[in-house]
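Below: one structure, written as structure tokens.
The values are calculated or read from the model by the stated rules, or taken from the named source; none is laboratory data. Every value quoted in this text rests on a predicted model; they were computed, and no experiment measured them. Cβ placement follows ideal geometry from the backbone for every residue including glycine, while neighbour counts extend to all protein chains displayed. SASA here: full protein model, heavy atoms, side chains in, ligands and nucleic acids out. Shrake-Rupley method; radii C 1.70, N 1.55, O 1.52, S 1.80 Å.
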2 protein chains.
Amino acid sequence: MSTQNETTTLKNSKELFVKMVVSNWELQNQRLNGWLAQLSDERLLEPVAEGKNRAVYLLGHLIAVNDGMISLLGLGERLYPELDEIFVKNPDRTFDEIPTVADLKTKWANLNAVLTRYFTELDADEWFGKHNAVSQENFAREPHRNKLNILINRTNHEAYHLGQLIFLKA
Amino acid sequence: MSTQNETTTLKNSKELFVKMVVSNWELQNQRLNGWLAQLSDERLLEPVAEGKNRAVYLLGHLIAVNDGMISLLGLGERLYPELDEIFVKNPDRTFDEIPTVADLKTKWANLNAVLTRYFTELDADEWFGKHNAVSQENFAREPHRNKLNILINRTNHEAYHLGQLIFLKA
């Protein structure tokens, strides 16, 4: 087998692995969108269970955390950094005024379109590069702390909150 | 660069992918175990939220589904196939008699030890081979439907239900 073939195989393997991870992220988005499509905006103002976070808070939380990938992965400027204060740094019901459900739904759809475009443009080798929250020194020791690992982690994070959101039925 | 080096790089890359996926699975297990350690057996008999599944059911469900990986990945004989009837094929509260929480906790710990050993023994190339629920023909067209993809999927599944379990506080 030639070096050229081996290089192709390595590239193919990386692309395959990226596809696996991105597909699983898309699957969680599809499930969340399917749930979202069934519920009225008013319903999302209710807590997902007694004494727990409101659905609107969890939706805002997922937008803020997933939006954070844009800077963490060095893809560009975050779209909605202002959401961190309401949906990440503080618990639900801290603020009287929060974005409307309609506004968050628009942001969620837009964010996913933008992330999908960024993810498509990112080369397989870049996915295996370090993300912006790990030092060069630590990355040399721990090469699994790459960009793709962030997406694996954020996909699990989305699944975790999706499990809570679906407690709210149409 | 020699062919030998390229082969090593391919092998190293695949091992890195496997490590990323297995680490994220282990992380979910650690979180679930941390939660489990805080709750009494009696507490797990309660629903995680009003009208929802009991924690004991979700624990049994995760054991059954994760145990299913043993046959799906061709690792050996399943440990607890009898749990499927109670925790997968039927909803919570179908049966009056179900395994005790103590029994399920033991099974959960044992299953994770067994899976960890299997995962360690599985070669990186084998992880990229087809699992037992996809045909050779479909696998040729869709090579992402490999064993590692099953573990990514099951990790998201565990995160989803962990998000529900933690509604039950110590």
Open item on the list: Against the conditions (1) crowded, with 16+ Cβ neighbours inside 10 Å; (2) within 14 Å of chain B (Cβ to nearest Cβ); (3) under 19 Å from A:Y160 (Cα atoms); (4) not hydrophobic (A, V, I, L, M, F, W, C), where does A:G60 fall short? Just the number, please.
Closed with: (2)
Task: Pair list, Cβ < 6 Å and 6+ apart or interchain, from segment B:27-45 residues that are within 13 Å of B:I166 (Cβ to Cβ) to residues that are at pLDDT 95 or above and assigned to a loop (DSSP other than H, G, I, E, B) - done: B:W35/B:I166
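Where in segment A:109-170 are there helices (runs of 4 or more DSSP H), lying wholly inside it, with at least 1 residues that are closer than 26 Å to B:Q164 by Cα and in contact with a Ser or Thr (Cβ under 9 Å, 6 or more places away or on another chain)?
Numbers: elements: A:124-127, A:136-141, A:147-165.
Correct list: A:147-165.
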Open item on the list: Given (1) under 25 Å from A:I166 (Cα atoms); (2) crowded, with 17+ Cβ neighbours inside 10 Å; (3) of a type in the set (D, E, K, R), identify the lone condition not met by B:K105.
Closed with: (1)
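May I ask you to verify whether A:I70 is open to solvent by less than 60 Å² (accessible area, probe 1.4 Å), farther than 28 Å from A:T7 by Cβ and among the β-branched types (V, I, T)? Don't jump to the end; show me each part of the working.
Working: open to solvent by less than 60 Å² (accessible area, probe 1.4 Å): yes; farther than 28 Å from A:T7 by Cβ: yes; among the β-branched types (V, I, T): yes.
Yes, satisfied.
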Open item on the list: Checking the structure you have, find out if any residue of segment B:33-49 is under 30 Å from B:N146 (Cβ atoms) and away from every other protein chain (no Cβ under 14 Å).
Closed with: yes
Open item on the list: Given the condition modelled with pLDDT under 95, open to solvent by less than 20 Å² (accessible area, probe 1.4 Å) and in contact with a Lys or Arg (Cβ under 6 Å, 6 or more places away or on another chain), answer yes or no: does some residue in segment A:117-125 qualify?
Closed with: yes
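Listed here are the residues, each with its yes/no results for (1) out of contact with any Lys or Arg (no Cβ under 7 Å at 6 or more places or on another chain); (2) not aliphatic (A, V, I, L, M).
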{"site": "A:T9", "(1), (2)": "yes, yes"}
{"site": "A:E15", "(1), (2)": "yes, yes"}
{"site": "A:K19", "(1), (2)": "yes, yes"}
{"site": "A:S23", "(1), (2)": "yes, yes"}
{"site": "A:L27", "(1), (2)": "yes, no"}
{"site": "A:W35", "(1), (2)": "yes, yes"}
{"site": "A:R43", "(1), (2)": "yes, yes"}
{"site": "A:E46", "(1), (2)": "no, yes"}
{"site": "A:E50", "(1), (2)": "yes, yes"}
